[in-house]
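Each remark here refers to the structure printed beneath this line.
The values are calculated or read from the model by the stated rules, or taken from the named source; none is laboratory data. Note that the structure is a prediction, hence the values are computed from the model and not measured. A quick note on method: Cβ atoms are made from the backbone with ideal geometry, for glycine too, and the neighbour counts reach across all protein chains shown. Just the protein is used for accessible areas: all its heavy atoms, side chains included, with ligands, DNA and RNA removed. Shrake-Rupley method; radii C 1.70, N 1.55, O 1.52, S 1.80 Å.
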Amino acid sequence: MSTYEEINKKFSFFFRLQMLSITEVRKQGDYLRKCYPNDLPVTFPNECVHFRSYLLTKSNKEYIPKTALEMCKMIHDDDIQYIYPYVNIALRMFLCCPASNCSSERSFSALKRVKTYLRSRMTDDRLNNLVILHIESEITTQIQYDEIIQDFSEKNRGVNYNVNML
């Protein structure tokens with residue numbers, strides 16, 4: 001089973017909460033809790049059942065969310081994140097899971113371009129910072145460096161720097 005299918009298996013019950021029986025919601029909630037025991041408490045399955053009831057009472061009145069993002073937005077818009085804190089955490093965990101591995105592959109590709117033979121002696125911290133600047137090049141091209149240089153020079157007047165440090 002692929003990683004994406006496994007993640008979907010863990011979290012997909014949220015999108016069928018209104019259609020599942022209470023027993024099935026508890027079972028699915030307990031399965032998710034066992035997958036993330038440090039993040040979700042033993043009471044998580046019961047919270048899922050209560051959240052299901054909330055969605056069922058809301059379904060007659062308003063639009064029911066169909067995606068994890070819409071559910072998170074509804075929880076915050078209705079100001080119920082304190083009533084269902086672990087449902088909120090579980091949905092945010094799902095939203096933080098990458099949808100593909102393209103971003104990590106792109107990072108390694110950028111790393112190959114930045115770490116050349118000439119830069120092989122730099123520290124990991126500096127290399128990481130350079131790679132982030134390279135990956136976020138759309139943002140870095142918009143930065144006004146003149147202001148940054150001016151602020152730096154004003155704050156560090158009279159300080160002698162070794163050129164090799166920079």
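Here are some notes:
- Counted residues, segment 50-87 - those being in a helix (DSSP H, G or I) and under 17 Å from Gln28 (Cβ atoms): 11
- Which numbered condition Cys97 fails, given (1) open to solvent by 80 Å² or more (accessible area, probe 1.4 Å); (2) modelled with pLDDT of 75 or more; (3) closer than 28 Å to Ala68 by Cα; (4) touching a helix residue (DSSP H, G or I) at 6+ places or on another chain (Cβ under 9 Å): (1)
- Search result, residues across segment 9-49 that are under 20 Å from Tyr82 (Cβ atoms) and surrounded by fewer than 13 Cβ atoms within 10 Å (Cβ to Cβ): Val42, Thr43
- Selection count, segment 43-87, where residues are among the polar types (S, T, N, Q) and more than 23 Å from Ser21 (Cβ to Cβ): 1
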